[in-house]
Amino acid sequence: MKSGSLLFRRFFVGKKLLARSSSVVGKSFDNLTLELEASINSRNMESFLIIMPNFESVRFLKRIISGQQQAIGSLQIQTLEDLIGQIWDVGSGAHQKKKISISSQTLLVHRLFPIIEGIRLSKTQSQQDYHASGIKPPLTMINQTVDKINWLKSNGWTPEALKQLVSQEAIPKDLANLITVYQSYQRELGEHWIDKAGTHASVLKMLQERSEDKLMASNRPSFLPVEQSVDLVVFLGFHNFSLVDLQIICVLAQYIDTAIYFDFCPENETLFAGVKKNYDYLIKNDFQLIGKADTQVAHIQSYLSHYLFQPQKDRQKFNLRHRIHLSAVPNKIEEVELVAQLVKRHSKSVDLGRIGVSFCQLDDYLPLIEEIFPSYGIAFRTCVTSPILKSKLVRQAMSKLKDSLDYSDLLTPSQFLETALQIIDTKNFLPMLTSCNTQKISERTIYHEISAFRQFLNIIKETTLVNMAQIDKFDQSFVEQTHRPNVSYLNCLDIALQAGKIEIKNQGNGVLVFPLERAGALWFDIMILGGLAENEFPSSCPLNFFDLGQKVRDGQMDHLYEERLMFFNALSLPSQRLYLTYPTNDHSAELGKSSFIDHLENIVDISGLEMENDKPIFTTESFLRHYGINQYHQDPKSGNHSQTLFLPSNQIDEQQLKLINHTVWVEKSRLETGTAPEYKGQIDMDKVTERHFLKLKNKSYSVSQLEQYGRCPFQYFAHHVLNLAINQGDITENRYLPSLQKGNLLHKILFDFYSERKDSDRLDELRSEGYLRVAQLDLSKTAQKHLDLYSKEHQIKPDLFWEIETEEIVGSAHRTGLLEQFLKLDFDQKNLAVKPRYFEVAFGSIATQKGKDRELGQSEPLQLGPIKVTGKIDRIEIGDGFFVIADYKTGYYVPTISEILAGLSLQLPIYIRVTEQLLTNQIEKPNKRWKGVAGVYYLLRNQGQIKLGCGDKNYLDQAYSVGRRTAQIIPNSRQKHLESLNQLVDIALQHAYRYAEKIEQGHFPLTSHDKKKVCRFCNFKQICRVGTISETGNTEG
């Protein structure tokens, strides 16, 4: 193993060094790198302190220096955040404010949302009134507001400084709003709380006041948490500092020698624009560039820093084909599997701790890594930040809290805290983790869940403390009312938890999986960077709710420069091999490679990654996949296992292989050979089955049954051949009038109303404005009669909910009912050449039921070509030799012409042909020719509408009207092959004939249409194989 000092040198290779001496004489830093290495070799490290960006980089450096042995006691390494926190803890003393987390910050800003929206709460309006108003601010806006405030504070922008800016340039309204929110937020913090950025600003102020005191300026401050033996502070792994942190470093440099190692090439501003701002500031504050620092030259790193992202010029490419390899992978799952195979391949010669893995958009990949890496036997560590609500234990605890508390109970904050902690007592709650099969819960998961649960308890305590001190500042009188309903505390918790995050830190050894932004302070022998797909890296800059003005924007590091620097850092990490991967597909979307890869290929030659054809089998899953593919190209039924020499011993038994062979045989039949038709929905016709299906030739079909077969033959088979019961479980609509009953009730009301007018020859009154109000009152009385009968039959006791249901139908003094709206729509059709004439016209056995038309309907099924059909037409409107059929709908969706052409919607076209036959067969008008010219839908909703289903263009504004031109009119430019409505009807009938024929032949395959539409609400989707079939088309085509 290499010595610690040689490995330590990797942190300096190719770096620039900026340094500042605290003494008047001035220290020479020319040999600083060699001095640090000598100190490490001699294990004499008491004289310097190393500052790193984050916990993982500290841990990484300690392992390197100690040679992975026990850590050396004299080694002083910490993060900048820890150093600043220690200074603040000591310097603020007894007057210390309480630190708040990002969760509490989010809660406080949430209270200020009315200001963000421009809503000014009056002095008499309490915060409780605001919550009761139901206003729910978008979480993205709240989070971005918190981020903006933190960024402004970290870069020295106080509300006062921003206000001064207002008088110096034209400030957008957004910035004025943000200043108001920022100022109010600071008031909310008051004297009780301080946030992370506020801690940094407070430490800076503390140090500046100290340095301005001439008597004290020459001595090291007593609150500096640095041993007296330390005479040098070294910053490693940083690339950018906030302005406040830069100022802190510059003040510290007055008391102790300070050195900063970093990547920088002043000639390449397209890459180092953000770093240059830091560099210029440090030079301005007496730091010097140490030109003779012995940091060695890294040729590859130097080349990349000079030319990466620079405009392409005529230059010879650097040949890195032996070091950098690129691979395109079909999807993210296979991408993670490829990464696992690469790790496994290199693990034979490289320690797992020297292999680094990162993905752009790591949150999307982490669940796949946690599933796939263990199956390959790969130990790995993560250093990621995860939302606390991803924890199952936290979600269960929050659910337990909500279920156990009475929302209306009034408690003080301290009472709520005590009650909440009793409900989710740690001793009783944490064992839930291991109450199930412990073999299925990894130690990693248990560690993550416990960490999240502890953070959850902290958020409850912190949220309660915030409620005790600072809540409801919008109304001081409300503050004195310390008792609040539980629901207000739970709402606060919901908001805080949405912003809550936990730092997942894994102990032990293994591959390090880390976010790309942490790349600068680490290095590896093998580095794998995945997820390099377009639109994901570089990522889109988040939507900016606040325009901060040009002067403020100038101080903000550009999002693109930041991601360019991360990419450069990742390229610089490995000493041996770098693998770059990207997925070409993400679900149905096609992806290309990142533009950053194009920039890299402009200056260096890289090679494609070719995995050998005989890929090593690392897992049982790999074997099964290879075995299945191998058997697919043979005869799966032969049982030939000659190609399974790589079979993992004692892992797969012979019975399992037979099951695989059978599965492969079925899939091959479905896709190629057709040797197993029963697995494609074809019933094998023995004599008994054949007799059963022969009987179907005399069967009559409802249009809905034919449509169901058209959507999915298997669905029809399960419902109407197997007669499987549909188990709805305990799921019911929480209302007195579920959709189905409501639709039936409306049909009865409208039938009685129109039939009574038809019998008394008063239908024409509906087209007269003078009789409209009378008709509306009559319709309301008819509806009320049916509603009273319904409530009596279902034993409904009138209450507020029943009143709401009935008011929706019949209306009230403050609301127009849907029936009144329907009559108004009907009246608006008065200028058309068709009038409503027949209602609830049934054909088939249902025609004998009460509430059906007796004049036109018939009790026998109607013969249409080779099939018999049954059904019910809601309404027929008659003109001179032509007619329009209408269907009442309580929903919103109207089928398209494309769906009729695809055979998914048959109702209107078939009902047009049925009506033609029924009218032609009338006794009083025999043999008269009738023509169906349109089918329309009456939408029985609050804002009722008439929607066209299909219509003959020649009868537009004569038999029907539409608000705008639509593809439902025939002919039209979208379906140029459709010349007439009659042609559409014929197409629908051909679908119906074919469906009946297929049913009689016993052919019931799975749907060939868009699964998202057909299968979404299917009651049988758990027992079919539709999930194994690829999408073959879209019904909207």
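Some values worked out for this structure:
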{"read-out": "Residue among GLU877, GLU840, GLU916 that alone is in the same structural domain as HIS991 (by TED's automatic domain parsing), farther than 26 Å from GLU756 by Cβ and in contact with a Phe, Trp or Tyr (Cβ under 8 Å, 6 or more places away or on another chain)", "value": "GLU916"}
{"read-out": "Filter pass, GLN821 being among the polar types (S, T, N, Q), modelled with pLDDT of 85 or more, outside any helix (DSSP H, G or I) and closer than 29 Å to GLY871 by Cα", "value": "no"}
{"read-out": "Breaking point among (1) crowded, with 17+ Cβ neighbours inside 10 Å; (2) outside the structural domain of LEU532 (by TED's automatic domain parsing); (3) at pLDDT below 95, for HIS346", "value": "(2)"}
{"read-out": "Candidate set from region 827-848 (those that are more than 50 Å from the chain's Cα centre (by Cα) and closer than 22 Å to ILE946 by Cα); member that is surrounded by the most Cβ atoms within 10 Å (Cβ to Cβ)", "value": "TYR838"}
{"read-out": "Search result, residues across region 98-127 that are under 17 Å from GLN186 (Cβ atoms) and either modelled with pLDDT of 85 or more or in a strand (DSSP E or B) (or both)", "value": "LYS98, LYS99, ILE100, ILE102, SER104, GLN105, THR106, LEU107, LEU108, VAL109, HIS110"}
{"read-out": "Given (1) crowded, with 19+ Cβ neighbours inside 10 Å; (2) at pLDDT 80 or above, number of the condition ILE65 does not satisfy", "value": "(2)"}
{"read-out": "Region 789-808 residues that are assigned to a loop (DSSP other than H, G, I, E, B), paired with ones that are surrounded by 14 or more Cβ atoms within 10 Å (Cβ to Cβ) (beta carbon under 9 Å, 6 or more apart)", "value": "HIS794/TYR736; HIS794/GLN741; ILE796/TYR736; ILE796/TYR790; ILE796/TRP802; LYS797/SER791; PRO798/SER791; PRO798/THR806"}
{"read-out": "Within region 30-53, considering residues that are closer than 22 Å to ILE256 by Cα and in a loop (DSSP other than H, G, I, E, B), the one modelled with the lowest pLDDT", "value": "ARG43"}
{"read-out": "Residue check, PHE717 buried (at least 16 other Cβ atoms within 10 Å of the Cβ), touching a helix residue (DSSP H, G or I) at 6+ places or on another chain (Cβ under 8 Å) and modelled with pLDDT of 90 or more", "value": "no"}
{"read-out": "Any chance LEU856 is more than 25 Å from LEU772 (Cβ to Cβ), assigned by TED's automatic domain parsing to the domain that holds ALA988, crowded, with 22+ Cβ neighbours inside 10 Å and touching a strand residue (DSSP E or B) at 6+ places or on another chain (Cβ under 9 Å)", "value": "no"}
{"read-out": "Residue selected from region 487-526 under the condition of a type in the set (Val, Ile, Thr) and touching a strand residue (DSSP E or B) at 6+ places or on another chain (Cβ under 6 Å), by the criterion surrounded by the most Cβ atoms within 10 Å (Cβ to Cβ)", "value": "VAL511"}
{"read-out": "Given (1) in a strand (DSSP E or B); (2) at pLDDT 85 or above; (3) surrounded by fewer than 17 Cβ atoms within 10 Å (Cβ to Cβ), index of the condition LEU529 fails", "value": "(3)"}
{"read-out": "Matching residues, region 310-333, being in contact (Cβ under 8 Å) with a residue 60 or more places away in the chain and part of a helix (DSSP H, G or I)", "value": "LYS332"}
{"read-out": "Checking LYS551 against (1) at pLDDT below 90; (2) basic (Lys, Arg); (3) touching a strand residue (DSSP E or B) at 6+ places or on another chain (Cβ under 6 Å), the condition it does not meet", "value": "(3)"}
{"read-out": "Any chance GLY881 is at positive phi and touching a strand residue (DSSP E or B) at 6+ places or on another chain (Cβ under 9 Å)", "value": "yes"}
{"read-out": "Of all residues in region 349-365 being modelled with pLDDT of 90 or more and over 23 Å from the mean Cα position of the chain (by Cα), the one that is surrounded by the most Cβ atoms within 10 Å (Cβ to Cβ)", "value": "VAL357"}
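The values are calculated or read from the model by the stated rules, or taken from the named source; none is laboratory data. Just so you know, these numbers come straight off a predicted model, no measurement behind them. Because the Cβ atoms are built from the backbone with ideal geometry, glycine has one as well, and the counts that use them run over all protein chains shown.
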